[in-house]
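Participant: Let me begin by handing over the structure; questions about it come next.
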Amino acid sequence: MEKEVVESYKKAKEISDKVLPLAKRLVKEDASILEIAEKIESKIKELGGKPAFPVNISINEIAAHYTPDINDTLRIKAGDLVKIDYGVQVNGYIWDRAFSVFIGEKKHPLIEASEKALKEALKTVKPGIKVFEISEVIEDVVSSFGFNPVRNLSGHGLERYNQHAYPSIPNSKNTIQAEIKDQAIAIEVFVTDGSGYVKESAPTLIYKFKQAKPVRMWEARKILEKAQKDFELLPFAKRWLKDIASPLKIDLALRQLLEVDALTDFPVLKEISGGKVAQSEETIIVE
Ligand SMILES: [Co+2]
């Protein structure tokens, strides 16, 4: 890996490390998820980075892709299992990380399982390790707790301005022989007491630029311009568009952009049987 690349990753990790204690402190009973997301995102910017994607705050059976809406009034309540997934990018190099918090008396066993599986998986990583070897460790640890890994969610490679690069690193056993070396990867463990699969559900709060297309609405053209220039082709929140127009107009413009295939959408991912989901994720550079 080139020196400038390593330096950028180092800076992104440093910022991510500094944000972590703040993020953990913010997750508590009655906290507004909109405030949590905004505080984490501002802290990242204040420290000289940029959010690589909107802070995901996914609760209970929602596994991923929930980020607060414009004027979101949702608050954390007792008994919630909260996942915070945040990414810091420096020059396009992304440090992707997630942790889970249970709002209750003691640590939730799903969180114990996801943390243990991540820890063990990270220990096995060395240059030349194959994808299936990492997945095996994750599933074995998760099963030892009596839970299921989420089988259709994966860790992933990281490339410049590409958060979900080759290879995919599933949370369940497989025979993928791809070798990992000289790259950054994110190991992203999802554990559930449900059936072990997620499906796309409403609402959609995260989008990403796909291709330039002519659109009628001024607001739609403005979104497309922001997606390329301000958000640098990385995923963005509907919330980040609030200064462009009213929420209603933004919805219309987003719909138009999806219709012409100018954007990719990331609907909320829910556990199909309604099981609770815990997530633990860390980025690692394999040289
Ligand atoms: Co990730």
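Participant: With Rg and the Kirkwood Rh both taken from Cα atoms, where does Rg over Rh land for region 159-287?
Facilitator: Values: Rg = 17.7 Å, Rh = 17.0 Å.
Computed over Cα atoms, the ratio is 1.04.
Participant: Could you name the lysines in cross-link range of K3, using Cα to Cα under 19 Å and dropping any fewer than eight places away on the same chain?
Facilitator: Once the sequence-local lysines are set aside, what remains near K3 is K11, K13, K181.
Participant: Still on this structure: Once phi is turned into ³J(HN,Hα) by the Karplus curve 6.51 cos²θ - 1.76 cosθ + 1.60 with θ = phi - 60°, what whole-Hz value does each residue of region 237-245 show in order, with x for glycine and proline?
Facilitator: 3J(HN,Hα) across region 237-245, in whole Hz: 8, 3, 3, 6, 9, 4, 7, 6, 6.
Participant: If each of T264 and D30 carries a label point 7 Å out from its Cα toward its Cβ, how far apart are those two points in nm?
Facilitator: 4.1 nm
Participant: Can you list the HN-Hα couplings for region 29-45, worked out from phi with the Karplus curve (6.51, -1.76, 1.60; θ = phi - 60°), rounded to whole Hz and with x for Gly and Pro?
Facilitator: Per residue, the Karplus-derived 3J(HN,Hα) values read 4, 6, 6, 7, 5, 5, 5, 4, 4, 5, 5, 5, 5, 5, 4, 4, 5 Hz.
Participant: Roughly speaking, what is the centre-to-centre gap between region 63-140 and region 188-202 when only Cα atoms are used, to the nearest Å?
Facilitator: Here the two parts' Cα centres lie 12 Å apart.
Participant: Further question on the same structure: Just to verify a number: what accessible area does D193 come out at with the full protein assembly present, 1.4 Å probe, Å² rounded to tens?
Facilitator: 90 Å²
Participant: Now for a separate question. Say each of E120 and D251 gets a label point 7 Å from the Cα, pointing the same way as Cα to Cβ; how far apart are those two points in nm?
Facilitator: With each label placed 7 Å out from Cα toward Cβ, I get 4.6 nm.
Participant: Now, a different point. Find out how many positive minus negative residues lie around D17, taking Lys and Arg as positive, Asp and Glu as negative, among other residues whose Cβ is under 15 Å from that of D17.
Facilitator: Numbers: positive: K10, K11, K13, K18, K24, R25, K43, R97; negative: E14, E46, D96, E281, E282.
That sum, taken over residues with Cβ under 15 Å, equals +3.
Participant: Students sometimes get this wrong: rank E282, E159 by accessible area, probe 1.4 Å, all chains present, largest first.
Facilitator: Values: E282 35, E159 90 Å².
Largest accessible area first, the list is E159, E282.
Participant: What number of lysine-lysine pairs in region 201-269 show an alpha-carbon separation below 15 angstrom, given a sequence spacing of 8 or more or placement on distinct chains?
Facilitator: Pairs that pass both the separation and distance tests number 15.
Participant: Give me the lysines in straight-line cross-link reach of K106: C-alpha distance below 22 Å, same-chain residues under 8 apart excluded.
Facilitator: List returned: K24, K28, K77, K83, K116, K119, K276.
Participant: Give me the angle, in degrees from 0 to 90, between the Cα long axis of helix 3-26 and the longest principal axis of the Cα atoms of the chain, rounded to the nearest 10.
Facilitator: Compared with the principal axis, the helix lies near 90 degrees.
Participant: Using a 1.4 angstrom probe, figure out how much accessible area region 201-269 has per residue, in square angstrom, rounded to the nearest whole. Provide the component values of the computation, followed by the final result.
Facilitator: Details: 3490 Å² over 69 residues.
Computed with neighbouring chains in place, this is 51 Å² per residue.
Participant: Compute the normalised compactness of the chain: alpha-carbon radius of gyration over 2.2 N^0.38 Å, N being the residue count.
Facilitator: Working: Rg = 18.5 Å, N = 287, 2.2 N^0.38 = 18.9 Å.
That ratio works out to 0.98.
Participant: Could you check the spin-label model distance between T73 and A178? Points 7 Å from the Cα along Cα→Cβ, value in nm.
Facilitator: 4.4 nm
Participant: Over region 201-269, what number does the Rg to Rh ratio reach, with both radii from the alpha-carbon atoms and Rh per Kirkwood? Could you put the intermediate results ahead of the total?
Facilitator: Details: Rg = 10.7 Å, Rh = 11.7 Å.
Taking Rh as the inverse mean 1/r over Cα pairs, Rg/Rh reads 0.91.
The values are calculated or read from the model by the stated rules, or taken from the named source; none is laboratory data. Everything quoted here is computed from the prediction, not taken from an experiment. Counting neighbours? That spans all protein chains shown, and the Cβs are built from the backbone with ideal geometry, glycine included. Heavy atoms of the whole protein, side chains included, go into the accessibility calculation; ligands, DNA and RNA do not. Shrake-Rupley method; radii C 1.70, N 1.55, O 1.52, S 1.80 Å.
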